[in-house]
Structures are given as structure tokens and as C-alpha cells.
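**Q** One structure follows; several queries about it will come next.
The values are calculated or read from the model by the stated rules, or taken from the named source; none is laboratory data. These numbers come from a predicted model, not from an experiment. Here the Cβ positions follow ideal geometry from the backbone for every residue, glycine too, while neighbour counts run over all protein chains shown. What goes into the accessible areas is simple: the full protein's heavy atoms, side chains included, and nothing from ligands, DNA or RNA. Shrake-Rupley method; radii C 1.70, N 1.55, O 1.52, S 1.80 Å.
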Amino acid sequence: MDCIFCKIIAGAIPTKFVYQDKEVIAFRDIEPQAPVHILIIPREHIASLAEVPESKSGLLGHLVAVANKLAKSEGIAERGYRVAINCGPEGTQGVPHIHLHLLGGRQLSGMLG
Ligand code: DGP
């Protein structure tokens, strides 16, 4: 198991989950770019957004629904937030296990700020 996020799911890297269900877990990013920076990932190892088969597109909806739920529980839903998925080398994806970034709690700027 080389995937760092699979290790987190398996409990091999102690990490506090801020959300979990049968399909999805969420935890705070180790290098937060905003006061709220949570990663939402499927338990199943899927390397990137590009690897999600059409038959599993419902999983993406579920991941987004969890992001929305966390935005509410983190108190940033009213002010606004960003949900981002980096995909592949030029998309600056560092960890090859699909993940949504939930960012908020400060004024974001541009596409990445
Ligand atoms: P990306 O560039 O989209 O692949 O973002 C990967 C994010 O994962 C990056 O913001 C840092 C975070 N990250 C990497 N390793 C760990 C870890 O072991 N624990 C936690 N909580 N976050 C991690």
C-alpha cells in the first residue's frame, strides 16, 4: 500500500477524521492554505478525477455533498468557500488518490489564491 491516503484510511497514519461514512472520509489538510482546509476522499483508491468511470459519477456527487455539509458545520457556508480537485501533473495533483479540497474562512482570490 504505497498510497498515503490509503494509509490514512487504514489507520496506519493516525489522522482525526472530521467526517466519515461507508464511502467517504474527510480530514484536515496537513498544509492548510486557509483557516478551513479539509480533504474529502473516497475510501476506494481511485488515482485521480480522470480515473473516475462514468458508472461511478454518483460518487463525485456524494463527495460534493459531503463538502457542502462540512462547509455548513465549519461555519463557512454563508460566507462562501471553494471546492477544488487537482488532476494530474499539470493540474498540480500531488497525491495520487482523488481528493476534494474544501477551502474557506478567508477571502480567497483568483483561481488558486
Ligand atoms: P494535491 O496537491 O491536490 O494533491 O493536494 C494534496 C494535499 O494533501 C496537500 O495539500 C497536502 C495534503 N497531505 C499530504 N499528505 C498528507 C498527510 O499525510 N496528512 C494530511 N492531513 N494531509 C496530507
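**Q** With the requirement that a residue be over 24 Å from Asp2 (Cβ atoms) and not hydroxyl-bearing (Ser, Thr, Tyr), what does the range 38-59 give you?
**A** Residues satisfying the conditions are Glu54, Gly58.
**Q** With respect to Phe17, determine if the residue is within 29 Å of Arg106 (Cβ to Cβ), in contact with a Phe, Trp or Tyr (Cβ under 7 Å, 6 or more places away or on another chain) and modelled with pLDDT of 95 or more.
**A** In short, yes.
**Q** Let me ask something else. Of the numbered conditions (1) open to solvent by less than 70 Å² (accessible area, probe 1.4 Å); (2) within 15 Å of the chain's Cα centre (by Cα), His45 fails exactly one; give the number of that condition.
**A** Condition (1) is where His45 drops out.
**Q** Residues of the range 57-105 being surrounded by 13 or more Cβ atoms within 10 Å (Cβ to Cβ), assigned to a loop (DSSP other than H, G, I, E, B) and more than 16 Å from the ligand (Cβ to nearest atom), which ones?
**A** Correct list: Ile76, Ala77.
**Q** Scanning the range 12-35 for residues that are open to solvent by 10 Å² or more (accessible area, probe 1.4 Å) and β-branched (Val, Ile, Thr), which turns out nearest to the ligand (Cβ to nearest atom)?
**A** Checking each candidate, the answer is Ile30.
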